[in-house]
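The values are calculated or read from the model by the stated rules, or taken from the named source; none is laboratory data. Just so you know, these numbers come straight off a predicted model, no measurement behind them. Positions of Cβ are generated from backbone atoms using ideal geometry, with glycine treated the same way; all protein chains shown enter the neighbour counts.
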């Protein structure tokens with residue numbers, strides 16, 4: 001994927017800034033349009049060679065402090081038949097965005113399923129098999145994602161619109177942790193109900209239930225677990241390179257504390 005058009009990258013690593021609340025079919029809350037918006041300065045556009053060079057501020061945590069760096073990205077592209085084709089020659093793939101301009105200056109839109117093999121006329125020699133296209137299954141908990149890229153001589157504005165179903169994310173995490181192995185988590189717990197913002201877990205022995213709610217905000221991803229009178233909560237800041245991070249939070253320690261709280265609730269081993 002091309003980091004120059006950051007919406008493609010950010011969606012994969014969770015991109016939650018400026019969310020709007022909605023309601024799911026179970027009465028919970030999901031999140032609506034404008035999941036993420038990002039601006040990068042244009043350093044160079046070579047219309048003949050099909051090269052766009054941008055400059056942006058990126059951040060990382062060093063010694064619990066946010067450190068800013070300047071990132072310069074170069075992306076190759078082609079304009080063909082009303083499409084902006086972003087060429088990822090390293091992975092032999094291309095992203096197709098729709099528009100009306102005859103050069104890159106303009107507004108382009110597309111879904112995240114529009115990643116494919118590089119068209120033959122633009123395919124470099126090393127991509128002889130013509131394969132490409134990304135695995136979008138990791139994006140299943142995002143719904144109706146649309147990326148809009150507005151390019152001017154001065155900047156590139158990328159906006160990702162859509163909704164997030166946290167219930168799908170929680171269920172996927174549960175599946176990854178359980179693995180379905182005998183004697184594992186799946187032998188103890190099942191998913192009884194899944195809404196867009198929550199999951200109801202059921203203990204396979206006692207048939208008692210616990211609820212896990214998830215939501216997103218500018219502060220990050222919040223997870224709430226409730227079993228009887230026991231509650232556990234965790235807020236995980238998003239590690240988005242284009243947003244100033246909160247470097248004071250130890251993510252591993254926060255996760256360990258949350259899972260210790262869940263185990264201590266007694267839900268996993270109720271009925272034993």
* Asked: What is the residue count in the stretch 75-104 for residues that are surrounded by 14 or more Cβ atoms within 10 Å (Cβ to Cβ), at negative phi and touching a residue at least 24 places away in the same chain (Cβ under 8 Å)?
  -> 17
* Asked: Looking only at the stretch 71-86, which residues are at pLDDT 90 or above and not in a strand (DSSP E or B)?
  -> 82
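Residues that are surrounded by 15 or more Cβ atoms within 10 Å (Cβ to Cβ) and modelled with pLDDT under 80, at least 3 per element: which strands (runs of 3 or more DSSP E) completely within the stretch 145-206 meet that?
On the way: elements: 155-164, 189-194, 198-203.
Output list reads 155-164.
For residues in the stretch 221-245 being touching a strand residue (DSSP E or B) at 6+ places or on another chain (Cβ under 9 Å) and surrounded by fewer than 16 Cβ atoms within 10 Å (Cβ to Cβ), which is farthest from residue 55 (Cα to Cα)? Can you show your working first?
Step one: filter the stretch 221-245 for residues touching a strand residue (DSSP E or B) at 6+ places or on another chain (Cβ under 9 Å), giving 221-228, 230-245.
Adding the requirement that they be surrounded by fewer than 16 Cβ atoms within 10 Å (Cβ to Cβ) leaves 222, 228, 230-231, 233, 239, 244.
On the way: 222: 32, 228: 51, 230: 48, 231: 44, 233: 38, 239: 20, 244: 16 Å.
Of everything passing the filter in the stretch 221-245, 228 is farthest from residue 55 (Cα to Cα).
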* Answer with yes or no whether residue 218 is more than 29 Å from residue 240 (Cα to Cα) and either at pLDDT 90 or above or surrounded by fewer than 20 Cβ atoms within 10 Å (Cβ to Cβ) (or both). => no
* Asked: Can residue 264 be described as surrounded by fewer than 16 Cβ atoms within 10 Å (Cβ to Cβ) and at pLDDT 90 or above?
  -> yes
